[in-house]
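Undergrad: One structure, pasted below without further comment.
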Amino acid sequence: MKSCIAALALSVVFLVVSQALAQGSGGAAKEKPKESVYAEILKAPEKARAKRNPLETDPQAVAAGRILFEQHCSECHGGSAAGGKKGPNLRVEEIQSATPGAIFWVLTNGVVRRGMPVWSKLPEPQRWQLVVYLKSLGVQPFTPPQ
């Protein structure tokens, strides 16, 4: 009987200490907060962010970029770039306020762990056309669900 009481007491002490350690760890047992789907654009190196789009004044670049977007991007990001099956909305402030160079960097390097392919094999002028097109869309105003 004494051994049962001692085992019970030891179990209670172990439980209390374990609980105190978990609370004192600052929630280390909790999940890490999810990184924003737009966080990758902020990881573009300064040199890439500073890069200027050589096609930003080309009047045909938006139309060419739209065609490329329909061919390569709309399946994931939706036809209007407002988000789709897999890809996030590209008409949000985080993307629209990003520099053309940062967007070009993400297109070139992809975000493979989130399913965004690397587009470095797409010729550089075509990647810049995509950037011009995306920037031409502007921020889509938020409309709450009805």
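The values are calculated or read from the model by the stated rules, or taken from the named source; none is laboratory data. Owing to the predicted nature of the structure, the values given are computational and were not obtained by experimental measurement. No Cβ is skipped: glycine too gets one built from the backbone with ideal geometry, and neighbour counts run over all protein chains shown. The area values use the complete protein model at the heavy-atom level, side chains included, leaving out ligands, DNA and RNA. Shrake-Rupley method; radii C 1.70, N 1.55, O 1.52, S 1.80 Å.
Undergrad: Specify which of the listed residues (Leu130, Leu137) is open to solvent by less than 30 Å² (accessible area, probe 1.4 Å) and of a type in the set (A, V, I, L, M).
TA: Details: Leu137 fails: open to solvent by less than 30 Å² (accessible area, probe 1.4 Å).
Result of the check over Leu130, Leu137: Leu130.
Undergrad: Here's a follow-up. Please state which of the following conditions Phe142 fails to meet, knowing it meets all the rest: (1) at pLDDT 95 or above; (2) of a type in the set (Phe, Trp, Tyr); (3) open to solvent by 70 Å² or more (accessible area, probe 1.4 Å).
TA: Unmet condition: (1).
Undergrad: Suppose we filter segment 96-114 for residues that are at pLDDT below 95, of a type in the set (A, V, I, L, M) and either touching a strand residue (DSSP E or B) at 6+ places or on another chain (Cβ under 9 Å) or part of a helix (DSSP H, G or I) (or both); how many remain?
TA: Number satisfying all stated conditions: 1.
Undergrad: Ok, one more. Among (1) closer than 16 Å to Glu56 by Cβ; (2) touching a residue at least 12 places away in the same chain (Cβ under 8 Å), which single condition is Glu124 missing?
TA: Result: Glu124 passes all but (2).
Undergrad: Could you check how many residues of segment 54-87 are farther than 25 Å from Gly115 by Cα, assigned to a loop (DSSP other than H, G, I, E, B) and open to solvent by less than 40 Å² (accessible area, probe 1.4 Å)?
TA: Qualifying residue count, segment 54-87: 1.
Undergrad: Can you pull out every residue in segment 38-53 that is within 18 Å of Trp119 (Cα to Cα) and either open to solvent by less than 90 Å² (accessible area, probe 1.4 Å) or not assigned by TED's automatic domain parsing to the domain that holds Gly115 (or both)?
TA: Result: Tyr38, Glu40, Ile41, Ala44, Pro45, Ala48, Arg49, Asn53.
Undergrad: Report the residue count in segment 115-132 for those that are within 14 Å of Ile67 (Cα to Cα) and either assigned to a loop (DSSP other than H, G, I, E, B) or of a type in the set (Ser, Thr, Tyr) (or both). Please lay out each step first, then the result.
TA: Let us first name the residues in segment 115-132 that are within 14 Å of Ile67 (Cα to Cα), namely 122, 125-132.
Then drop every residue that is not either assigned to a loop (DSSP other than H, G, I, E, B) or of a type in the set (Ser, Thr, Tyr) (or both), which leaves 122.
Residues meeting the conditions: 1.
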